[in-house]
Amino acid sequence: MNDKISYLKAEYEHQAQAISSADHEAKKGGGNPPGGGDLEARVNALEKSLPEIKDKLTQILAKVESIDKHNATKTDLANTELSILKWCIGTALTLTGLAVAITFGLTKLLSGS
């Protein structure tokens, strides 16, 4: 029985040492590259699609710049609101003055006869 335990202990230590050395090799970058043997094919595919990606990115940037150029900011909206408010108040005062002037004119014209 003791013989079996020492055999299992030796086998366990051997496997643990193999796993430890494999982990060490993986951490220091030895062995095959991650991703397996198809890594070069994947990199080549990415390199081939890079011009298309750059073209699409350029189009997206152009659209974003166009949107930025034509969209109003909060400051623009606040200034527009203030301008509209000024015009409304000015128009209301002008119409009130005109109504008062017409009323006085008609009163003077009709009462003078």
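Annotations for the structure displayed:
- Test for S21: is it at pLDDT below 90, in a helix (DSSP H, G or I), open to solvent by less than 80 Å² (accessible area, probe 1.4 Å) and among the hydroxyl-bearing types (S, T, Y): yes
- Out of K108, K56, one residue alone is basic (K, R), over 38 Å from the mean Cα position of the chain (by Cα) and at pLDDT 90 or above. It is K108.
- Options P51, P34: the member that is in a loop (DSSP other than H, G, I, E, B), within 34 Å of the chain's Cα centre (by Cα) and either modelled with pLDDT under 80 or not basic (K, R) (or both): P34
- Just one of the listed residues (A72, A99) is modelled with pLDDT under 95 and either part of a helix (DSSP H, G or I) or under 33 Å from the mean Cα position of the chain (by Cα) (or both), and it is A72.
The values are calculated or read from the model by the stated rules, or taken from the named source; none is laboratory data. Treat the numbers as computed from the prediction; the structure is a model and nothing was measured. We work out accessible area using only protein heavy atoms, side chains counted, and drop any ligands, DNA or RNA first. Shrake-Rupley method; radii C 1.70, N 1.55, O 1.52, S 1.80 Å.
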